[in-house]
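Presented below is the structure to which this report refers.
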Amino acid sequence: MDENKISREDDEIDLMQLWQVVWKKRKFIGIFFAAAAVLSVIISFTLTPQYKSSVTIIPISSSTGGVSSALGGLASSFLGISLSHNGTDAKILAVLHSRTIRTGVIKDLKLEPLLIKNKNLKDRLYRASAALKSMVTVNIGVKTGTIKISVLYKNPSIAQKIASAYVKELKIILNKKAFTVQKMNMLYLKKQLKETSKKIYGYTEKVSSFQKKHGLIVPPGISGNKLLSFYTIFQAGGSKFGNMLVKLNNVRAKYESLEKIYQIARYKALKNNLYVQVIDKPIVPYIPAKPNKKRIVAVSAVSSLFVAIFIVFFMEFIKNYKEKVNREKNRNDNNDDNAEKQTA
């Protein structure tokens, strides 16, 4: 119990000593605090104001249901290609972070002289793209699925124009990419249709030659499954002829499916693909987003208070350390003098 009392008393004494040090140097702390606050106010007013203009977009899918989805499944089954646009948001984010869209915005608004003052640089466009990248931030809302493009610049009107140009260039790039994909699909489908048509002609010729060779005459009005059933009864043809008919029917069915898929691909290629929809248009900001003068002053003032107290404690520590060293030195000197007197 006594030891606990002693420790508590020591703690109270230590705290009192600390407070006494702070109170003794209160003028220094007050002057330091006031100087930092005044300096932060001056700095905040000398900084160039930055204005933020934002545009909010939402990705939309160009895929449609019903027949289009069914034919998309056929395309995947027969050819291993996809006619739908999956991962639209990932594509949009990739484009927004690309140098291609920044270059398009710079050329569209002629921002190169504004972003790069030195006219003698060879890589001005590349440097301008890097400067524009530092001005633009892209955030995606996880819950809402929206994408927010924010532009921070010293001129509020230019900030608004850059945000608008981003959406414009985004639509152009995405539509170009989508058209290129659809065009490639169409070319591939055309090739498949030609090859399938040749196969139909080849199987038809084989069936016709087989009929002539074995004298197989098909009764009028019989086709499809009935035709296959009819030819299985001929001993001369047997299973070989039946297999030929099965292959011919399969190729014809594939051609019909490919033709439907090709029509859908043509429709999608001619359609104006829009991958994003603007939710909030960018406006010209009149209140600067940076610098936040109140925050700068508040943070600087509080930080200066802690720094001032730290300096006071450090100075007190140095003072106490020097006094301790002097006391030790004086004690050693006195001990030496006493030793000399005793020997004398």
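Side notes on the structure shown:
- Residue in the stretch 7-59 that is modelled with the lowest pLDDT, counting only those that are surrounded by fewer than 13 Cβ atoms within 10 Å (Cβ to Cβ) and among the β-branched types (Val, Ile, Thr): ILE13
- Pair list, Cβ < 8 Å and 6+ apart or interchain, from the stretch 238-259 residues that are assigned by TED's automatic domain parsing to the domain that holds LEU189 and β-branched (Val, Ile, Thr) to residues that are modelled with pLDDT of 80 or more and part of a helix (DSSP H, G or I): VAL251/THR196; VAL251/LYS199; VAL251/ILE200; VAL251/TYR203
- In the set PRO291, PRO282, only one residue is under 30 Å from LYS154 (Cβ atoms), modelled with pLDDT under 85 and of a type outside the set (S, T, N, Q); that residue is PRO291.
Conditions (1) in a helix (DSSP H, G or I); (2) modelled with pLDDT of 90 or more; (3) among the acidic types (Asp, Glu); (4) touching a helix residue (DSSP H, G or I) at 6+ places or on another chain (Cβ under 6 Å), marked per residue:
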{"position": "SER69", "(1), (2), (3), (4)": "yes, no, no, no"}
{"position": "SER76", "(1), (2), (3), (4)": "yes, no, no, no"}
{"position": "ILE81", "(1), (2), (3), (4)": "no, no, no, yes"}
{"position": "ALA94", "(1), (2), (3), (4)": "yes, no, no, no"}
{"position": "ARG102", "(1), (2), (3), (4)": "yes, yes, no, yes"}
{"position": "LEU121", "(1), (2), (3), (4)": "no, no, no, no"}
{"position": "ARG127", "(1), (2), (3), (4)": "yes, yes, no, no"}
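- In the stretch 32-50, the residues that are over 13 Å from ILE296 (Cβ atoms) and over 39 Å from the mean Cα position of the chain (by Cα): PHE32, PHE33, ALA34, ALA35
- Scanning the stretch 135-154 for residues that are surrounded by fewer than 17 Cβ atoms within 10 Å (Cβ to Cβ) and either of a type in the set (Gly, Ala, Ser) or touching a helix residue (DSSP H, G or I) at 6+ places or on another chain (Cβ under 8 Å) (or both) returns VAL138, ILE140, GLY141, GLY145.
- Every residue from the stretch 14-54 that is farther than 19 Å from LYS294 by Cβ, in contact with a helix residue (DSSP H, G or I) (Cβ under 6 Å, 6 or more places away or on another chain) and in a helix (DSSP H, G or I): VAL21, ILE29, PHE32
- Test for LEU132: is it surrounded by 13 or more Cβ atoms within 10 Å (Cβ to Cβ), part of a strand (DSSP E or B) and modelled with pLDDT of 85 or more: no
- Residue under evaluation VAL142, criteria (1) more than 30 Å from LEU47 (Cα to Cα); (2) over 23 Å from the mean Cα position of the chain (by Cα); (3) not charged (D, E, K, R), criterion not met: (2)
The values are calculated or read from the model by the stated rules, or taken from the named source; none is laboratory data. Values in this document were obtained by computation on a predicted structure and should not be read as measured data. Note that each Cβ is placed from the backbone with ideal geometry, even for glycine, and that neighbours are counted across all protein chains shown.
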